[in-house]
1. Show the residue pairs that are 6+ apart or on different chains and have beta-carbon atoms under 9 Å apart, the first residue being within region B:169-180 and within 12 Å of residue B:58 (Cβ to Cβ) and in contact (Cβ under 8 Å) with a residue 24 or more places away in the chain, the second being open to solvent by 10 Å² or more (accessible area, probe 1.4 Å) and in a helix (DSSP H, G or I).
2. Hey, can you tell me all the residues within region A:139-178 that are more than 14 Å from chain B (Cβ to nearest Cβ), outside any helix (DSSP H, G or I), touching a helix residue (DSSP H, G or I) at 6+ places or on another chain (Cβ under 8 Å) and open to solvent by 40 Å² or more (accessible area, probe 1.4 Å)?
3. Which of the residues spanning region B:29-63 are polar (S, T, N, Q), more than 10 Å from chain A (Cβ to nearest Cβ) and closer than 17 Å to residue B:91 by Cα?
4. What helices (runs of 4 or more DSSP H) lie completely within region A:1-83 and have 3 or more residues being of a type outside the set (A, V, I, L, M, F, W, C)?
5. Can residue A:199 be described as touching a residue at least 40 places away in the same chain (Cβ under 8 Å), acidic (Asp, Glu) and not assigned by TED's automatic domain parsing to the domain that holds residue A:41?
6. Please verify whether residue A:125 is in a helix (DSSP H, G or I) and under 17 Å from residue A:50 (Cβ atoms), treating the condition exactly as stated.
7. From the list B:34, B:21, B:25, pick out the single residue that is open to solvent by less than 40 Å² (accessible area, probe 1.4 Å), modelled with pLDDT of 95 or more and in a strand (DSSP E or B).
8. Would you tally the residues in region A:213-260 being among the basic types (Lys, Arg) and either within 13 Å of another protein chain (Cβ to nearest Cβ) or crowded, with 17+ Cβ neighbours inside 10 Å (or both)?
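The values are calculated or read from the model by the stated rules, or taken from the named source; none is laboratory data. These numbers were taken from a predicted model, which means no experiment stands behind them. For neighbour counting, all protein chains shown are included, and Cβ atoms are generated from backbone atoms with ideal geometry for every residue, glycine included. The protein model used for the area step is the full one, side chains on, heavy atoms only, and it has no ligands, DNA or RNA in it. Shrake-Rupley method; radii C 1.70, N 1.55, O 1.52, S 1.80 Å.
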Amino acid sequence: MYVFWWFFAYYLRPIVKWFLRKTTGLCELQRICYGKVQGAPRTKAVDYSLCMSKSPQIAQLIAHLNDVSDNQRFVGSNLKELTNGAVNTVMLVKKINPKIHFQFVINFGQCVEQIWGYRQLLAEVEELRKTVYDADNFGHERKLQDLWEKLMPHERLEGRVTKQWQYIGFQGDDPKTDFRGMGLLGLENLLAFASDYQDAATYVLSHSHHPHYGYAFAIVGINLTSLAWTLLKQGDAKTYFFNMVKSAPSLKLFHQFYSYLFYEFDKYWIECKPKDIMEFSTIKDNFEINVRNALQDPNAVFRINFSVDTI
Amino acid sequence: MGLLSLLRKLRAAPERELRLLLLGLDNAGKTTILKTLASEDINHITPTAGFNIKSVISEGFKLNVWDIGGQRKIRPYWKNYFENTDVLIYVVDSSDKKRLEETGIELYELLTDDKLQDVPLLVYANKQDLPEALTAADLAQALGLPSIKDRPWQIQACTAVRGDGVREGMEWVCKSIKKK
């Protein structure tokens, strides 16, 4: 089966492409940009088509854009310039007339912004993840304080090192060792969930204190950061990001993705009626499978539908 | 001889399966040791909610390693995993002097449990790379290991993030099982 696909991609694909080009008068990228729905269906197809391209100019263009986004320079005026440059290169290579195909210019430009914006987001997220939580860094400490204040607005923290941290689900009396491999990203995600969706977060926190189905809020939250990061890295999350915004996705959108995952995980956890926290790995694995499946649908759009119910 | 009988023959000689229990306080390095044993990436570990399990083949043994979360709230569940344990592996953060007493008490509780009677004990003195880390010998004294008479025990210095010492500890585990 695998050999068949390889054979198809390598030998037959160009023949099919040539045939379509001759009959429709449009190159593959044009057919995608006109034929596919805006968002994940179109951008993913453009991404694939560009990667498969055998043109040396396009390969060079891709390498350049990769380099720029890996170094997080795909921003501001640079972003506009590079996007225009990419569109022009493709028009030139594929001999497309911009006067007739002005719609292609817009649609393809959007795809370029999304594809390399995503790549840049991954670099940005990766940098945060690699930043180890540092108790001597005032900024880090401030964020930890903020997290407490957002989640527990009516209770004062008695000290920097206190058992109170366990109330919001850290393991011991000092959260600093709990961020581990997720680094500052784990904290930023928790803080964004608690600030941007304060109602939802406090609601989820109250579930974590459930007498039967309780769990450690922050620890589960850090494990979900790991899930969000994995989905971003492996590309499954492209569906989400390409369908959410028409331009380059921002870090804020990643936090939004995370918040969605946390909210949904909580719902799923309660539905599963776990015997105790020891069922976490099994339930988390099942949840991950569900999310991956949902992301397979190119039209999937995820939003937190927050409504308080009473159980 | 057909393919089927060949397969059957292969299946007839399975490795002996062992059940290893990996315990210790939170942030001791249990999951890092587990992942090192399974040759997996250790750069994005998160605190263990619940447990992790992995199977590793080593010296003709199939080691089923159970890594149970170490936070205080989870510790009451440890006992659910005691049954049929072949070797108890206890991981200590050698640099965490503040919680030395706490880790000692937890270890003592494990050693006095009926279900873990006679089970060999391996203590990993982890995080030897940190400047304030106690040496394996000092840690053994502090935990009172020399007074253990009812079972074989061993302390192994290690730095799990670098993979140093982890293998040596597992060699002792396999040796102590062969002796049994």
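1. B:170/B:37
2. A:155, A:158, A:160 - these are the residues of region A:139-178 that are more than 14 Å from chain B (Cβ to nearest Cβ), outside any helix (DSSP H, G or I), touching a helix residue (DSSP H, G or I) at 6+ places or on another chain (Cβ under 8 Å) and open to solvent by 40 Å² or more (accessible area, probe 1.4 Å).
3. Residue satisfying the conditions is B:36 alone.
4. Numbers: elements: A:2-7, A:13-24, A:28-35, A:40-52, A:56-70.
Fully inside region A:1-83 and qualifying: A:13-24, A:28-35, A:40-52, A:56-70.
5. Numbers: touching a residue at least 40 places away in the same chain (Cβ under 8 Å): yes; acidic (Asp, Glu): yes; not assigned by TED's automatic domain parsing to the domain that holds residue A:41: yes.
Here the answer is yes, as residue A:199 does meet what is asked.
6. On the way: in a helix (DSSP H, G or I): yes; under 17 Å from residue A:50 (Cβ atoms): no.
No.
7. B:21
8. Filtering region A:213-260 down to residues among the basic types (Lys, Arg) leaves A:233, A:238, A:246, A:252.
Retained after the next criterion (residues that are either within 13 Å of another protein chain (Cβ to nearest Cβ) or crowded, with 17+ Cβ neighbours inside 10 Å (or both)): A:233, A:238.
So the count comes out to 2.
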